[in-house]
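Working notes, beginning with the structure itself.
The values are calculated or read from the model by the stated rules, or taken from the named source; none is laboratory data. Keep in mind the model is a prediction, meaning the values are calculated, not measured. With ideal geometry, Cβ positions are generated from the backbone for all residues, glycine too; neighbour counts draw on all protein chains shown.
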Amino acid sequence: MEVIDVLGVPASPYTRKMLALMRYRQIPYRAIWGSHMDLPKGLLPPKIKLLPTVYLNTAEGKEAIVDSTPIIDRLEDLYKERAVRPSDEVIRFLDLLFEDFADEWLTKAMFHYRWNFTNDANNAGPLIAYGQNPQFDSVSAKAMADSFAKRQISRLSLVGSNMVTASIIESSFQRLIEILDRIIERHCFILGTQPASADFAIYGQLTQLGIIDPTSAQLLVKASPRLRAWLDRVEDLSGHDGSGWIKRELVRTHVCELLNEIGRTYAPFLVANAQAYAEGKSELQAIIDGQPWIQPVFPYQVKCLHALQLERQKMTKSGREVLDELLTGTGCEVLFI
């Protein structure tokens, strides 16, 4: 197998997500630590400069692709061994839903805890600067850290972190820690004894929340030493051999709490965001978990909702019936009304 170049930084949850997934899948890669600010020779920037950027080898040369979910789909097409997309269409849909929840909702907690608290922001800024280049002199590193922190703090409201929403984000994160603790105790992974893409998405966000950022890391390790230890294991699962995906008849019991959390928070957010976007509004106002939620409309997450709806439409009639029965009463059914 040809070696795939992956450009990213350790403080990027999506970089960590992809590298851990590729280690599990035993896909040869070359981690290139850095960003598009100082792109290594021979690598072209993607159309949208996001991290990680994965460079696939094609007949025309290296193709730069971004956005972890479609990258995973490309890798599933290219490499058949140790797949992370379940073969059962119902379990596969749940994997996509859980991955999307981690990528788009759990990242709100990651952004909130990192940049809303002074101690965490002071911790993250220098780590990001030196992650770009460990040889920066201290003056240059401080200037970059301060500039990046200022920019990210100014963007808190864009991802939904503000005085109105803070308690919703924090409560959801704390509930999720306990939910994941129970899931891992039962089967080790979200959908069985082998990892799915959802595991790596959750892992990616939690490498920041549970390891790097002090406030959330202290919360996580206190509430679930099991989950903290799980993060270290998922870092490198190249030697893991699981026995398979969970059976349909067992999935409700195993993931019901997680579906309820998504139905309590992320599902109503997605619907409200899409409605506000369709009405041409720049701000969405909704009730999430019984409390007001206010933030700017996020067009990308409209695409996320449409992608989930399309995946459900592509399922067989019998598969949709099983899925709809699983989702009924969780709050997730609003995604498809």
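Observations on the model:
- Residue selected from the stretch 51-63 under the condition touching a strand residue (DSSP E or B) at 6+ places or on another chain (Cβ under 8 Å) and more than 21 Å from Ser197 (Cα to Cα), by the criterion modelled with the highest pLDDT: Glu63
- Condition met for Ile65 (under 22 Å from Ile179 (Cβ atoms), more than 16 Å from the chain's Cα centre (by Cα) and not aromatic (Phe, Trp, Tyr)): no
- Within the stretch 166-183, at least one residue is in a helix (DSSP H, G or I), under 26 Å from Gln26 (Cα atoms), modelled with pLDDT of 95 or more and of a type outside the set (S, T, N, Q).
- Matching residues, the stretch 279-337, being closer than 22 Å to Asp88 by Cβ and among the hydroxyl-bearing types (Ser, Thr, Tyr): Thr316, Ser318, Thr328, Thr330
- Pairs are defined by a Cβ separation below 7 Å, a sequence spacing of at least 6 or placement on different chains, a first member in the stretch 44-60 that is closer than 18 Å to Asp77 by Cβ, and a second member that is basic (Lys, Arg) and not in a strand (DSSP E or B); the pairs so defined are Leu56/Arg74.
- Lone qualifier among Asn122, Asn57 - being farther than 30 Å from Leu327 by Cβ, assigned by TED's automatic domain parsing to the domain that holds Lys17 and surrounded by fewer than 20 Cβ atoms within 10 Å (Cβ to Cβ): Asn57
- When residues of the stretch 114-143 are limited to those that are of a type in the set (D, E, K, R) and touching a residue at least 40 places away in the same chain (Cβ under 8 Å), the one nearest to Leu7 (Cα to Cα): Arg114
- Residue tally, condition touching a residue at least 40 places away in the same chain (Cβ under 8 Å) and closer than 27 Å to Ile91 by Cβ, over the stretch 221-240: 10
- Hey, Leu94 within 30 Å of Val297 (Cβ to Cβ), touching a helix residue (DSSP H, G or I) at 6+ places or on another chain (Cβ under 9 Å) and not assigned by TED's automatic domain parsing to the domain that holds Val302 or not: no
- All told, Ile48 meets the bar of being at pLDDT below 95 and out of contact with any Lys or Arg (no Cβ under 8 Å at 6 or more places or on another chain).
- If you go through the stretch 322-336 and pick out every residue that is part of a helix (DSSP H, G or I) and within 19 Å of His254 (Cα to Cα), you end up with 8.
- In the stretch 242-277, the qualifying residues are those that are aromatic (Phe, Trp, Tyr) and closer than 22 Å to Thr165 by Cβ, and the one that is farthest from the chain's Cα centre (by Cα) is Tyr277.
- Considering only residues in the stretch 20-36 that are under 26 Å from Gln135 (Cα atoms) and touching a strand residue (DSSP E or B) at 6+ places or on another chain (Cβ under 6 Å), the one that is surrounded by the fewest Cβ atoms within 10 Å (Cβ to Cβ) turns out to be Arg30.
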